[in-house]
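The values are calculated or read from the model by the stated rules, or taken from the named source; none is laboratory data. Quantities reported herein were computed from a predicted structural model and do not represent experimental measurements. Counting neighbours? That spans all protein chains shown, and the Cβs are built from the backbone with ideal geometry, glycine included. Remember, those area values only see protein heavy atoms, side chains included, never the ligands or the DNA or RNA. Shrake-Rupley method; radii C 1.70, N 1.55, O 1.52, S 1.80 Å.
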4 protein chains.
Amino acid sequence: MKVTVWNENRHEKKNPKVSEIYPEGIHGQLASFLEKAGFETGTATLDEPEHGLTDEVLNETDVLVWWGHLAHDEVTEEIADKVKQRVLDGMGLVVLHSAHFSKVFKKLMGTGCDLKWREADEKERLWVADPTHPITEGIGEYIELEKEEMYGEHFDIPAPDELIFISWFEGGEVFRSGATFKRGRGKIFYFRPGHETYPTYHNEEIQKVITNGVKWAANTATPTPVRGNHQPLENITSKA
Amino acid sequence: MKVTVWNENRHEKKNPKVSEIYPEGIHGQLASFLEKAGFETGTATLDEPEHGLTDEVLNETDVLVWWGHLAHDEVTEEIADKVKQRVLDGMGLVVLHSAHFSKVFKKLMGTGCDLKWREADEKERLWVADPTHPITEGIGEYIELEKEEMYGEHFDIPAPDELIFISWFEGGEVFRSGATFKRGRGKIFYFRPGHETYPTYHNEEIQKVITNGVKWAANTATPTPVRGNHQPLENITSKA
Amino acid sequence: MKVTVWNENRHEKKNPKVSEIYPEGIHGQLASFLEKAGFETGTATLDEPEHGLTDEVLNETDVLVWWGHLAHDEVTEEIADKVKQRVLDGMGLVVLHSAHFSKVFKKLMGTGCDLKWREADEKERLWVADPTHPITEGIGEYIELEKEEMYGEHFDIPAPDELIFISWFEGGEVFRSGATFKRGRGKIFYFRPGHETYPTYHNEEIQKVITNGVKWAANTATPTPVRGNHQPLENITSKA
Amino acid sequence: MKVTVWNENRHEKKNPKVSEIYPEGIHGQLASFLEKAGFETGTATLDEPEHGLTDEVLNETDVLVWWGHLAHDEVTEEIADKVKQRVLDGMGLVVLHSAHFSKVFKKLMGTGCDLKWREADEKERLWVADPTHPITEGIGEYIELEKEEMYGEHFDIPAPDELIFISWFEGGEVFRSGATFKRGRGKIFYFRPGHETYPTYHNEEIQKVITNGVKWAANTATPTPVRGNHQPLENITSKA
């Protein structure tokens, strides 16, 4: 199984606080623990040709992990449409934190994907809302993060197919912070945590959830629908 | 409550069979029974300036009904985006038959919206799958249409919020033919029947369902979410 | 439209704090604002014959509102089964607060319906998670209650058909506090607030939500499914 | 992973047609292909002490497969309640064909679970409605069964969490024939085909779906929620 981690990789270049936490970039850190979990893992970043997402890379990717924030607009329409199409064709997608506003996620959701936000070094507690879900494997009833950015409702997404985590924030808000969506033959997992100035992706429970999410999002040889004009499978007697 | 019926109005101009069934156009027929049902109803068509969907019209419309087929591509991106935004802001949308492939519906779904199809004068039977739903008010367990176009699965839509009708077709296929979706503050009802060469919109049960759908899709003064940067509602002690 | 408010009416008799807040009983207070909202409203309580829920009362009730806590076990299996059957047959049901553990709700959900709880005079903030829903009509983005009992996840219910409110609690928990479920021809709305020692049902926003919930839960002449042995609607050629 | 196949095993004893198709019983046939698929598989039948479902057996079972029809009423309330509780505690459950009317399924659904039915040697075609789902792995767009019993809508179940198959029947009906439900920590898959007088469980595609269903239904060490009285995780300032 082949995983590609995509990152815009801009905060890392501008903000020493971020590059101190993630010396190999956010993508480097994500790829590192996914590699250890046993996936064949590559990375791709915004400033590479075609944002690192050539047809070859996309066609070989089973699950794409996406982190972006500052530069959503610099992702070309063409690449965003190509990624969307690959998801509809069966590639898994794990959308992290501020990638809620990425072109790819917005195109797949069909909604504005906006939310409330605040940077105030506050506590987040992610409660498990679906204790049947394989994405929650190996963690406890909740995950606590001492300092995170706040995201608050109303989160402008379609009602998720599955709601897995609900976050509590110290400042008084809640958020649907782990949610799945199916689109075409593709499975999508949105997971909220991961503001660039906090060491969230060093947290082992967060790593476990993302690893579980990647595993869940991979398509397992399900049928490929045929569409368009279709000959009848039965006699149409009324036609006579 | 103000309803606008939009129609591309092209089959009616080209195909005498269609203009015979719908001398006032498909939009005329839809508007006629919606008006009788007590809604203040207007129409808009593709060839009018701004496709008849000026800001004024859109802003005053509570529920928009959409029929299109031949000319989806002639709807400008700008108008399609404007309609989508109005839905997210709370306008109801009833999407009929071949409008599954309209720009507006595809943008709101985020999927390909393709399906199987066939024109073979065959029987369709729409079974009620959700007998709690106000959209099924006043009809029986199923609706039978002697001759309709076939639409078959897999219909490339997100899993609907509510599945209301499932169609049986004589040629051997099934279809999720009545389904609701919520996007932003807007409610969307997709309803399958209505091929232009059959008198489907003269069928009283079909009229009842569309009327119910319009009533259901209207927003009833629900809250308008505020998004963006947000001050804490509680003291954030960890910040000190 | 006929509404019946059911209450076990026990706290009111034992605890002067409760009878001070609700001199007419919790049922009296609920009935009072529902009556003002225009519904024909009656009440029924545990200690009446058949708990006040005779066949006549049940058959004439469009929507039943249920509050219970201390005495769930005193409701007879027979009455609980009868109420469940009426819901499946189309009666609406609004389940309030500690009625999450009522026999009727548990039988309809099929799950344990347990949760975390705490009485600590703490703040609850109910955030709107579905700003399309008529149950949220006329309120703001959230409702704040200065003092309420805490209910926390994991709430052992099936994934709701619609998630309308998510609560934030001062002590660090979250809860799916407004949720809808469809069962048979019946619509069910669970709404969390209403601990007996707080004046929650005097809060006008809470009253508005319950009123909206009653309105939403009423069945509107939807089809009555026929089940059992069924003659074919088409020729079965393979039989020959 | 340990699978237990439960069967009432009555048709096999009464009807030579059934015992000819399933000389080892329906349970024997199901166990045979599940064993080949790599699961450690046992069987249990109605007439064994405790219906073969002792605490020991249940506690060691990861996924229980259930087939019943004639003798639902002979399953004791105690065993049915025990099985239900094990599902809520995390045991997977695959419910086949006429087990839609089993005590266990009805208790878990909270609805009547009735449907239309007919035995007329007619054709069934199961269309894939969710081509992302691992339960559809390895099959085509549809499965065709030359002769099966008909089950028709309205099927009195809660709206499934996932709708995987929709059946077309020759006689004119449709049915939600593959559906998943989550209850507590347990995952449930209902799959329609398998009338006792047809060789349905010898069909390799049907075997593949049931095998996939068993794999999907197994819980993977997800969190065990704690419920009941709960100490605050944060200071409750309003209490002072």
Only residues that are within 10 Å of A:THR43 (Cβ to Cβ) and of a type in the set (S, T, N, Q): list them for the stretch A:1-24, please.
A:THR4, A:ASN7, A:ASN9
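Tell me yes or no: at least one residue of the stretch B:135-154 is more than 14 Å from chain A (Cβ to nearest Cβ), of a type in the set (S, T, N, Q), in contact with a Gly (Cβ under 8 Å, 6 or more places away or on another chain) and surrounded by 21 or more Cβ atoms within 10 Å (Cβ to Cβ).
Applying the first criterion (more than 14 Å from chain A (Cβ to nearest Cβ)) to the stretch B:135-154 yields B:135-143.
Next cut, of a type in the set (S, T, N, Q) only: B:136.
Restricting the remaining residues to those that are in contact with a Gly (Cβ under 8 Å, 6 or more places away or on another chain) gives none.
The answer is no; no qualifying residue exists.
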Considering only the stretch C:6-27, I want to know if a residue exists there that is under 18 Å from the mean Cα position of the chain (by Cα) and surrounded by fewer than 18 Cβ atoms within 10 Å (Cβ to Cβ).
no
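Hey, could you check the stretch D:191-221 for residues that are more than 17 Å from D:LYS2 (Cβ to Cβ) and among the aromatic types (Phe, Trp, Tyr) and say which is farthest from the other protein chains (Cβ to nearest Cβ)? So that I can check it myself, show each step before the final result.
If we filter the stretch D:191-221 for residues that are more than 17 Å from D:LYS2 (Cβ to Cβ), which is where we start, we get D:191-209, D:212.
Within this subset, residues satisfying the condition of being among the aromatic types (Phe, Trp, Tyr) are D:191, D:198, D:201.
Numbers: D:PHE191: 16, D:TYR198: 12, D:TYR201: 20 Å.
Going through the qualifying residues, I end up with D:TYR201.
Under 25 Å from B:ILE164 (Cα atoms), part of a helix (DSSP H, G or I) and touching a Gly at 6+ places or on another chain (Cβ under 9 Å) - does that describe any residue in the stretch B:11-27? Steps first, please.
Step one: list which residues in the stretch B:11-27 are under 25 Å from B:ILE164 (Cα atoms), which gives B:26-27.
Still in the running and part of a helix (DSSP H, G or I): B:26-27.
With the extra rule that they be touching a Gly at 6+ places or on another chain (Cβ under 9 Å), the set shrinks to B:26.
Scanning the stretch B:11-27 turns up at least one residue that is under 25 Å from B:ILE164 (Cα atoms), part of a helix (DSSP H, G or I) and touching a Gly at 6+ places or on another chain (Cβ under 9 Å).
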Can you spot a residue in the stretch A:94-101 that is polar (S, T, N, Q), assigned to a helix (DSSP H, G or I) and touching a strand residue (DSSP E or B) at 6+ places or on another chain (Cβ under 8 Å)?
yes
All-but-one check, B:GLN85 against (1) of a type in the set (S, T, N, Q); (2) open to solvent by less than 10 Å² (accessible area, probe 1.4 Å); (3) more than 8 Å from chain A (Cβ to nearest Cβ), failing number (2)
Working only within the stretch D:66-75, note down all residues that are within 16 Å of the chain's Cα centre (by Cα) and open to solvent by 10 Å² or more (accessible area, probe 1.4 Å).
D:HIS69, D:HIS72
Residues of the stretch D:36-54 being open to solvent by less than 80 Å² (accessible area, probe 1.4 Å) and either part of a helix (DSSP H, G or I) or free of Cβ contacts under 8 Å to residues at least 24 places away in the same chain (or both), in sequence order, are D:GLY38, D:GLU48, D:HIS51, D:GLY52, D:THR54
Test set (1) touching a residue at least 40 places away in the same chain (Cβ under 8 Å); (2) more than 12 Å from chain D (Cβ to nearest Cβ); (3) over 15 Å from the mean Cα position of the chain (by Cα); (4) part of a loop (DSSP other than H, G, I, E, B) - C:LEU126 fails condition number
(4)
So B:THR61 ticks every box in (1) within 15 Å of the chain's Cα centre (by Cα); (2) in contact (Cβ under 8 Å) with a residue 60 or more places away in the chain; (3) over 17 Å from B:LYS107 (Cβ atoms) but one. Which box is left unticked?
(2)
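Would you be able to tell me the number of residues in the stretch C:102-118 that are part of a helix (DSSP H, G or I) and either β-branched (Val, Ile, Thr) or open to solvent by 60 Å² or more (accessible area, probe 1.4 Å) (or both)? Show your work before the answer.
Within the stretch C:102-118, the first condition is being part of a helix (DSSP H, G or I), and the residues that meet it are C:103-109.
Those still in the list that are either β-branched (Val, Ile, Thr) or open to solvent by 60 Å² or more (accessible area, probe 1.4 Å) (or both) too: C:104, C:106.
So the answer is 2.
Starting from residues that are aliphatic (A, V, I, L, M) and touching a strand residue (DSSP E or B) at 6+ places or on another chain (Cβ under 8 Å), keep the ones in the stretch C:67-93 and report whichever is farthest from C:ILE26 (Cα to Cα).
In the first step, residues of the stretch C:67-93 are kept if they are aliphatic (A, V, I, L, M); the result is C:70-71, C:75, C:79-80, C:83, C:87-88, C:91, C:93.
Then keep just the ones that are touching a strand residue (DSSP E or B) at 6+ places or on another chain (Cβ under 8 Å); that gives C:83, C:87-88, C:91, C:93.
Values: C:VAL83: 20, C:VAL87: 22, C:LEU88: 26, C:MET91: 22, C:LEU93: 17 Å.
Only one residue tops the list, namely C:LEU88.
Going through the stretch C:71-102 one residue at a time, which ones are basic (Lys, Arg), without any contact (Cβ under 8 Å) to a residue 40 or more places away in the chain and in contact with a Gly (Cβ under 9 Å, 6 or more places away or on another chain)?
Let us first name the residues in the stretch C:71-102 that are basic (Lys, Arg), namely C:82, C:84, C:86.
Narrowing the set further to residues that are without any contact (Cβ under 8 Å) to a residue 40 or more places away in the chain leaves C:82, C:84.
Passing the criteria: only C:LYS84.
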Any chance A:PHE33 is within 12 Å of A:VAL5 (Cβ to Cβ) and surrounded by 15 or more Cβ atoms within 10 Å (Cβ to Cβ):
yes
A careful count of residues in the stretch A:164-190 that are surrounded by fewer than 24 Cβ atoms within 10 Å (Cβ to Cβ) and more than 7 Å from every other protein chain (Cβ to nearest Cβ) gives 1
Would you pick out the residues in the stretch B:159-177 that are touching a residue at least 12 places away in the same chain (Cβ under 8 Å), touching an Asp or Glu at 6+ places or on another chain (Cβ under 8 Å) and not in a strand (DSSP E or B)?
B:ASP161, B:GLU170, B:GLY171, B:GLU173
Meets criteria (within 7 Å of another protein chain (Cβ to nearest Cβ), touching a residue at least 12 places away in the same chain (Cβ under 8 Å) and within 16 Å of the chain's Cα centre (by Cα)) for B:ASP121
no
Using the structure shown, decide if B:GLU78 is open to solvent by 50 Å² or more (accessible area, probe 1.4 Å) and over 24 Å from B:VAL18 (Cβ atoms).
yes
Just give me the residues in the stretch C:171-190 being aliphatic (A, V, I, L, M) and out of contact with any Pro (no Cβ under 9 Å at 6 or more places or on another chain), in sequence order.
C:VAL174, C:ILE188
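Could we say that B:ILE236 is surrounded by 21 or more Cβ atoms within 10 Å (Cβ to Cβ) and either within 13 Å of chain A (Cβ to nearest Cβ) or hydrophobic (A, V, I, L, M, F, W, C) (or both) here?
Working: surrounded by 21 or more Cβ atoms within 10 Å (Cβ to Cβ): no; either within 13 Å of chain A (Cβ to nearest Cβ) or hydrophobic (A, V, I, L, M, F, W, C) (or both): yes.
When the stated conditions are applied, B:ILE236 does not pass them.
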Within the stretch D:222-231, can one find any residue that is away from every other protein chain (no Cβ under 11 Å) and either open to solvent by less than 20 Å² (accessible area, probe 1.4 Å) or of a type in the set (D, E, K, R) (or both)?
no
Per-region count, the stretch B:204-240, residues β-branched (Val, Ile, Thr), modelled with pLDDT of 95 or more and touching an Asp or Glu at 6+ places or on another chain (Cβ under 6 Å)
1
Cβ pairs under 6 Å, 6+ apart or interchain, first in the stretch B:203-220 and among the charged types (D, E, K, R), second at pLDDT 95 or above, ordered by first then second residue, are B:GLU205/B:ILE139; B:GLU205/B:ILE143; B:LYS208/B:GLY138; B:LYS208/B:ILE139
Failed criterion for C:THR132 (all others in (1) facing another protein chain (nearest Cβ under 8 Å); (2) part of a strand (DSSP E or B); (3) open to solvent by less than 20 Å² (accessible area, probe 1.4 Å) hold)
(2)
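Going by what's in this entry, would A:THR76 be described as within 9 Å of chain B (Cβ to nearest Cβ) and hydroxyl-bearing (Ser, Thr, Tyr)? Steps first, answer last, please.
Numbers: within 9 Å of chain B (Cβ to nearest Cβ): no; hydroxyl-bearing (Ser, Thr, Tyr): yes.
No.
May I ask you to verify whether B:THR180 is among the polar types (S, T, N, Q) and assigned to a helix (DSSP H, G or I)? Before you say what the answer is, go through the steps one by one.
Details: among the polar types (S, T, N, Q): yes; assigned to a helix (DSSP H, G or I): no.
Here the answer is no, as B:THR180 does not meet what is asked.
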